[in-house]
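Notes follow once the structure below has been shown.
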Amino acid sequence: MNIGWNMAAYMGVRATKELDAVSHNLANASTAGFKRQLLHQWRLQVPEPGPPGGQRPAAYVDVLRRDFSQGALHNTENETDLAIQGSGFFKVETPRGVRYTRHGCFQLNAEKQLVTREGYPVLGSNGPIALDSIDQKFSIDQEGGVHLDGSISGQLSVVDFPHLQGLRAEGRNYFAANADSGEETPAQGARVLQGAVEESNVDQVAEAVALIDIQRSFEAYLKVLDTFTEADRKMVDEVGRTA
């Protein structure tokens, strides 16, 4: 009976984690550059040997991962909107240090610097990207080159990491690098598209279906727990009568 209780409790906790992930995905379905969360179950081999001729016991752990696949590209015609086609991230200088994002809805501040909606400078190879041109025209090519007054004046930094799952999410679509992600490197094959933004890669229909499945799972777990509770009650009643 303990095994049944433990399994039912685990499945209930897992369903709660799935609900959190799906709810988070749906809440950010319209957030540019958002990457959906996925809950995976990993099978871990227990180091102690099992019975002779049998399999070693195993443990299972739930791991929350990110789906970094490309989101759809949406043309906005806004000259400060940028999208990355392919793998990579924009570099941003925040009060907490350098952070990385796919959210390319940028704007110009009073100093004509390219900044995020929070006012954080977008970084290039030589620091913040400044777009103060004489003729008030600028463009950014697909390689990230910044063109001002008919000549290249800077290079937008688009970087990638060897282990994307190691990046630490910090909210507002920002990621922080660490030892698990590895050091940043120039993104290979990435194209920068001006006047476009990358939409989230959340499939709202699929997430809504997943939400219904989770609800049904909760109902099934509650029925199982009710069954166990009734069995325990009957056992206690029978023991009480025998005494």
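The values are calculated or read from the model by the stated rules, or taken from the named source; none is laboratory data. Bear in mind the structure is a predicted one, so any value in this text is a computation, not a measurement. Ideal geometry is used to build each Cβ from the backbone, glycine not excepted, and the neighbour counts take in all protein chains shown.
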Subject >> Entirely in the range 95-203, the strands (runs of 3 or more DSSP E) that have 1 or more residues that are touching a Lys or Arg at 6+ places or on another chain (Cβ under 7 Å) and surrounded by 21 or more Cβ atoms within 10 Å (Cβ to Cβ) >> reply: 97-101, 196-198
Original post:
Say we look at the range 59-94 and pick out the residues that are at positive phi and in contact with a strand residue (DSSP E or B) (Cβ under 8 Å, 6 or more places away or on another chain); which of these is surrounded by the fewest Cβ atoms within 10 Å (Cβ to Cβ)?
Top reply: Gly86
Subject >> Enumeration of residues in the range 68-84 that are more than 23 Å from the chain's Cα centre (by Cα) and β-branched (Val, Ile, Thr) >> reply: Thr76, Thr80
**OP:** Would you be able to tell me the number of residues in the range 38-73 that are closer than 28 Å to Asp160 by Cβ and either assigned to a loop (DSSP other than H, G, I, E, B) or at pLDDT 95 or above (or both)?
**Re:** 8
**OP:** Please state which one of Arg168, Arg172 is modelled with pLDDT of 95 or more and either under 30 Å from Leu38 (Cβ atoms) or among the β-branched types (Val, Ile, Thr) (or both).
**Re:** Arg168
Original post:
Going by the structure shown, is Gly88 in the same structural domain as Thr185 (by TED's automatic domain parsing), within 18 Å of the chain's Cα centre (by Cα), over 17 Å from Ser139 (Cβ atoms) and of a type in the set (Gly, Ala, Ser)?
Top reply: yes
**OP:** Give me the pairs, please: first residue somewhere in the range 66-78 and among the aliphatic types (A, V, I, L, M), second residue anywhere and in a loop (DSSP other than H, G, I, E, B), beta-carbon distance under 9 Å, and either six or more positions apart or on two chains.
**Re:** Ala72/Glu199; Ala72/Ser200; Ala72/Asn201; Leu73/Glu199
